[in-house]
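Beneath this line is the structure, given in structure tokens, with notes to follow.
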Amino acid sequence: MPDKPLAPLAKKLFKGIIVLELLGLFGAYDLYQRMNTSQDFRNTMNKRFPSVLEVFYCSNEMAGVYGIRERDHEDWSAKHN
């Protein structure tokens, strides 16, 4: 019966996976909150990771929150002039 020696290892791996999933979930929530509250952070994300910012805009638009993308582009273009 080789199943018993692997049981502690399986439990440790399962716990590790759960911890990684929770860290990813809280990390995604923190990133969303920062982008949702700070236009400067969204500008930084636009420069470094534009695809992540696009997902933020699309998710808000799917939730019925419109105008963030347009307001950001207006403010950012006004700063360049």
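The values are calculated or read from the model by the stated rules, or taken from the named source; none is laboratory data. Keep in mind the model is a prediction, meaning the values are calculated, not measured. Counting neighbours? That spans all protein chains shown, and the Cβs are built from the backbone with ideal geometry, glycine included.
Scanning segment 63-80 for any residue that is assigned to a loop (DSSP other than H, G, I, E, B), at positive phi and over 19 Å from the mean Cα position of the chain (by Cα) turns up at least one such residue.
Scoring residue 51 on the criteria (1) under 22 Å from residue 74 (Cβ atoms); (2) of a type in the set (Ser, Thr, Tyr); (3) surrounded by 10 or more Cβ atoms within 10 Å (Cβ to Cβ) leaves a single failure, condition (3).
Report yes if residue 34 is surrounded by 11 or more Cβ atoms within 10 Å (Cβ to Cβ), at pLDDT 95 or above, among the charged types (D, E, K, R) and more than 13 Å from the chain's Cα centre (by Cα), otherwise no. When the stated conditions are applied, residue 34 does not pass them.
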